[in-house]
1. Condition check: at pLDDT 95 or above, surrounded by 14 or more Cβ atoms within 10 Å (Cβ to Cβ) and under 18 Å from residue 309 (Cβ atoms). Does residue 179 satisfy that?
2. If residue 225 passes every condition in (1) over 26 Å from the mean Cα position of the chain (by Cα); (2) modelled with pLDDT of 95 or more; (3) crowded, with 21+ Cβ neighbours inside 10 Å but one, which one does it miss?
3. Go through 150, 122 for me and flag whichever is free of Cβ contacts under 8 Å to residues at least 24 places away in the same chain and not assigned by TED's automatic domain parsing to the domain that holds residue 248.
4. Quick check on residue 172: is it among the charged types (D, E, K, R), part of a loop (DSSP other than H, G, I, E, B) and closer than 25 Å to residue 275 by Cβ?
5. With the checklist (1) on the phi < 0 side of the Ramachandran plot; (2) surrounded by 18 or more Cβ atoms within 10 Å (Cβ to Cβ) in hand, flag the one item residue 151 doesn't pass.
6. Can you pull out the residues in the stretch 154-175 that are surrounded by 21 or more Cβ atoms within 10 Å (Cβ to Cβ) and more than 12 Å from the chain's Cα centre (by Cα)?
7. Every residue in the stretch 39-77 that is touching a Leu at 6+ places or on another chain (Cβ under 9 Å), surrounded by fewer than 15 Cβ atoms within 10 Å (Cβ to Cβ), of a type outside the set (Val, Ile, Thr) and assigned to a loop (DSSP other than H, G, I, E, B), please.
Amino acid sequence: MHLIFFIKLEVFKVSFQENKIRIDRWLRRKFKNLPQSFFEKKLRKGIIRLNNKIVRSNTLIKENDLIKIKDFDKTVYAIKTKNIAIAVSKNQIEIFNSSIIFQNNEYLILNKWKNIATQGGSKIKLSLNDILKSISENMNLVHRLDKDTSGAIIISKNYLASRIFGSLFKERKVKKVYFAICNNRPLKKFGVVKMNNRKNESNDDNKKSHKESYLSVTRYRVISFNKGFSSILFSPITGRMHQIRRVAEYLGCSIVGDRKYNKKNFIIKNKKCLMLHSYYLSFNYNNQEREYYAKFPAEIEKEANSLGLKIVDKNHIEKMINI
């Protein structure tokens, strides 16, 4: 018995959202089950062509370009999507939808709730990314927030938006302001902290061992102080892991509820809840200035009120950005 495979010429038209990406990346996104080496060989032999021309794998494609595959066989070029391994409940979808601050066709701003990781892991039962992929494979996280940090987070709705936000973050053109309730207060009411964010290394500014890849830069401003607790705004210029939490520890005012960087005092108040919230985001998208505010969760408002601390307002944000 002979198996018959139907092989034919297949042509794909490049969309606006796929403009100016490498042809090999386009192929790997389209046919996720095939390796880079497969496409390298096909391009080299001219089996896959761009506008009927043999091109290198790093060639940039443009809107309305035609990508031709001469040996298209569905059994080989199976367009597979990643299966959602974790079931997402209707309730989680409803929580997600009710947490949307703003959305358009390009991106959405979500007020992330506490106790959900942005991405999956060996000990993570459900992540924000799982919820996104259950709604649309095209949605992607642009940046991250810690599991116990609430507040504004950007989610792209297509590949072009992901690239735009990637560039904005790389060029440090996204302004972020976080609100925190802390034990104690810094010696100075406001300032800029430059420190080494690498584990197990000194933060002595005079040491030459600091590498730029580990340097974190963070603005801060104290809003109020009362009976050993303070409310502080933090604005990270760089984007390092646990940056704000480590800066707070460095300043001698660790965040209330921080089990990792406030081990001595986290039991005092809200041991199950980190008092850190991503309150404000702003950036220029398509030549328009955009800014968004994320409403505080009840736990943080209640804690601030019980401690007699001020909650941030727009005037504080203006002062913070202009430090």
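The values are calculated or read from the model by the stated rules, or taken from the named source; none is laboratory data. Quick caveat, the model's predicted, so the values are computed rather than measured. Because the Cβ atoms are built from the backbone with ideal geometry, glycine has one as well, and the counts that use them run over all protein chains shown.
1. Values: at pLDDT 95 or above: yes; surrounded by 14 or more Cβ atoms within 10 Å (Cβ to Cβ): yes; under 18 Å from residue 309 (Cβ atoms): yes.
Criteria met by residue 179.
2. (3)
3. 122
4. Numbers: among the charged types (D, E, K, R): yes; part of a loop (DSSP other than H, G, I, E, B): yes; closer than 25 Å to residue 275 by Cβ: no.
It is false that residue 172 is among the charged types (D, E, K, R), part of a loop (DSSP other than H, G, I, E, B) and closer than 25 Å to residue 275 by Cβ.
5. The number of the failed condition is (1).
6. 161
7. 51, 52, 56
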